Amino acid sequence: MIEKAIFPLSADPVTKGHLAIIRRSLRIAKKLYVVILTNKLKTPLFTLKERKQMLEKCDLDFSNVEIIASELSLVEVAAELQTKIIVRGIRSPFDVQSEMEFNHVYRKSDAELEFIYLLAKDGQRLVSSSLAKSILLRGDETSDYFPLVVKKNLEEKLLNQRKIIVTGVIASGKSTIVKAMIARFKREEISACEIDFDEIVENIYQKINTQPYSLYKRKLVDYFFTPEEQVTVSKAIISRLVFQKNVKENLAFLKKTLKPLIYKLYREQLKGKAGLIFLNAPLAVEYDLLKEANNQVLFISLDEENQKKYLLKREKLTPAKLNGKIKAAGTNQRKLKAIQDKIAKDKFGKLMIYPNNVPLTPKRIDELCNKMKTFLK
């Protein structure tokens, strides 16, 4: 096993492909120096300091990895670190040609340099930092390509988007709070807007009987009804059927069936939006939406007494259906644990909890907005 090696890169920005090469390098080197260098032929998107800070927040074994940002050349860095072993990643035949030229140039400066090449695995071969950035600019999903810390910084830098998930228990007042916060921010001339996932789902049910959504209607009808029944699907019908039979199973089916369509409609709404974007998503955990806001979460909690009071005011429910709806939608504890587990697993994200157990006042909204500004720093 090699005592120490260098993995040089520009990290502008670092991708999951880079992280995979770093982890694999540790199988052959006891100590790995990840050296962020400046490509003087390109104008970087992020400063050296920013690139280093992002890489330091990624999920790496820092007992064996040291990150260095340097304005020096690779040859000079290798001399300082007293190692001649350089690890490089290769994604394509084009990279092979580039690496041959790279190798030739550096060996002219130091003939003792030795290069070890690791071939990228299938899922990482076709995606470069440049291509992934272009995917982001098109408004498409990039969490498969970038760590969340990088995705967050890219969205802020390239799209001027700062997204935060707003979720919580059913009837906790999420929509009211979001709209009050947006109005408060706009008075300060801070750009803010909302994407309401309940409205997206409502729109699906309004159009579920039209041709574009026929595939989704067929799945819903096949699941909830017998072949002999002639059904015009609506949100009210599905809502009623969910609380008959197996609530948990029925909700799981709906989430699985509608998730691709919800994501599609959400991305259509997201395009062109800038500033602070509240993603109002009651089922954020269930639909795996936390990554959309890079695990930045505002959780609205509510005690069960108020929850029942608000639900009964909003809907006519029997005690059995009331309790079933609350249980199926998830308790404070269950939802919070799922969010905390996701943040811990990804090793990135922040959670802010707002208990909405007392009447909402302008003063409380002011306090919440001030906390939010601190939270987002």
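The values are calculated or read from the model by the stated rules, or taken from the named source; none is laboratory data. Quick caveat: nothing in here was measured; it's all calculated off a predicted structure. Every residue, glycine among them, receives a Cβ derived from its backbone with ideal geometry; neighbour counts consider all protein chains shown. Only protein heavy atoms, including side chains, enter the accessible area calculation; ligands, DNA and RNA are left aside. Shrake-Rupley method; radii C 1.70, N 1.55, O 1.52, S 1.80 Å.
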Can you list residues from other chains, or at least 5 along the same chain, whose modelled amide H is less than 5 Å from the amide H of K31?
K4, A5
If one takes the longest principal axis of the Cα atoms in the chain, at what angle in degrees, from 0 to 90 and to the nearest 10, does the Cα axis of helix 362-375 lie?
20 degrees
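Using the crude model of +1 on Lys and Arg Cβ and -1 on Asp and Glu Cβ, and no other charge, please compute the dipole size for the chain relative to its Cα centre, in debye to 20.
Values: 68 positive and 45 negative charges, 236 e Å.
The calculation lands at about 1140 debye.
Which pairs in the list K152/K291; K271/K377; K207/K259; K57/K371; K174/K309; K345/K373 are over 19 Å apart, alpha-carbon to alpha-carbon?
On the way: K152/K291 10 Å; K271/K377 24 Å; K207/K259 16 Å; K57/K371 23 Å; K174/K309 16 Å; K345/K373 25 Å.
From the list (K152/K291; K271/K377; K207/K259; K57/K371; K174/K309; K345/K373), the Cα-Cα distance tops 19 Å for K271/K377; K57/K371; K345/K373.
At a 1.4 Å probe radius, carbon and sulfur cover how many percent of the accessible area of the chain? Can you show the working numbers first?
Working: 10720 of 19890 Å².
Percent of accessible area from carbon and sulfur atoms in the chain: 54.
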Reach of K313 by Cα under 18 Å, taken over aspartates and glutamates that are not fewer than 8 positions away in the same chain
D303, E304, E305
Phi angles of the stretch 214-221, converted by Karplus (6.51 cos²θ - 1.76 cosθ + 1.60, θ = phi - 60°) into ³J(HN,Hα) in whole Hz with x for Gly and Pro, give 4, 4, 5, 4, 4, 5, 5, 5
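Using helices alone, what [θ] at 222 nm do you get for the chain, with -39,500 (n - 2.57) per DSSP H run of 4 or more residues, divided over all residues and rounded to the nearest 500? Each step should come with its number before you reach the end.
Working: 15 runs with 179 residues, N = 377.
After summing the helix terms and dividing by the residues of the chain, the value is -14500 deg cm²/dmol.
In whole percent, what relative contact order does the stretch 25-108 give with Cα contacts below 8 Å and a gap of six or more residues?
Values: 53 pairs, mean separation 26.5, N = 84.
Worked out over the stretch 25-108, it gives 31 percent.
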What angle do you read, to the nearest 10 degrees and between 0 and 90, between the alpha-carbon axis of helix 332-346 and the longest principal axis of the chain?
10 degrees
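Relative contact order for the chain using alpha-carbon pairs under 8 Å, separation at least 6, rounded to a whole percent?
Values: 486 pairs, mean separation 69.0, N = 377.
Computed value for the chain: 18 percent relative contact order.
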Counting only residues 5 or more apart in sequence or on a different chain, those whose built amide H sits under 5 Å from that of E114 are I85, I86
Can you give me the long-range amide H partners of E194? Hydrogens built in the peptide plane at 1.01 Å from N, cutoff under 5 Å, separation of 5 or more residues or another chain.
F278
Assuming a ≥ b ≥ c are the square roots of the Cα gyration tensor eigenvalues, decide whether the stretch 250-377 counts as rounded (a/c under 1.5), prolate (otherwise, with a/b larger than b/c) or oblate.
oblate
Note the listed values [x] 0.96; [y] 0.99; [z] 1.06, then indicate which one is Rg/Rh (Cα atoms, Kirkwood Rh) calculated from this particular structure.
[z]
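If you take the square roots of the eigenvalues of the alpha-carbon gyration tensor of the stretch 64-125 and sort them as a ≥ b ≥ c, do you get rounded (a/c under 1.5), prolate (a/b over b/c) or oblate? Display every interim value, and only then the final one.
Values: a/c = 2.22, a/b = 1.39, b/c = 1.60.
Because a/c hits 1.5 or more and a/b fails to exceed b/c, the stretch 64-125 counts as oblate.
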Any chance you could give the angle, 0 to 90 degrees and rounded to 10, that helix 93-109 forms with the longest Cα principal axis of the chain?
40 degrees
Rounded to whole Hz, the Karplus (6.51, -1.76, 1.60) HN-Hα couplings of the stretch 27-42, x for glycine and proline
7, 10, 10, 5, 9, 10, 9, 8, 10, 8, 10, 9, 8, 6, 8, 10
Which aspartates and glutamates have a Cα lying under 14 Å from the Cα of K4, excluding residues fewer than 8 positions away in the same chain?
E66, E80, E114
Counting only protein heavy atoms and rolling a 1.4 Å probe, one gets per residue an accessible area for the chain in Å² of 53 Å²
Pop out the ³J(HN,Hα) list for the stretch 55-61 in order, Karplus 6.51 cos²θ - 1.76 cosθ + 1.60 with θ = phi - 60°, rounded to Hz; leave Gly and Pro as x.
5, 5, 8, 7, 7, 10, 8
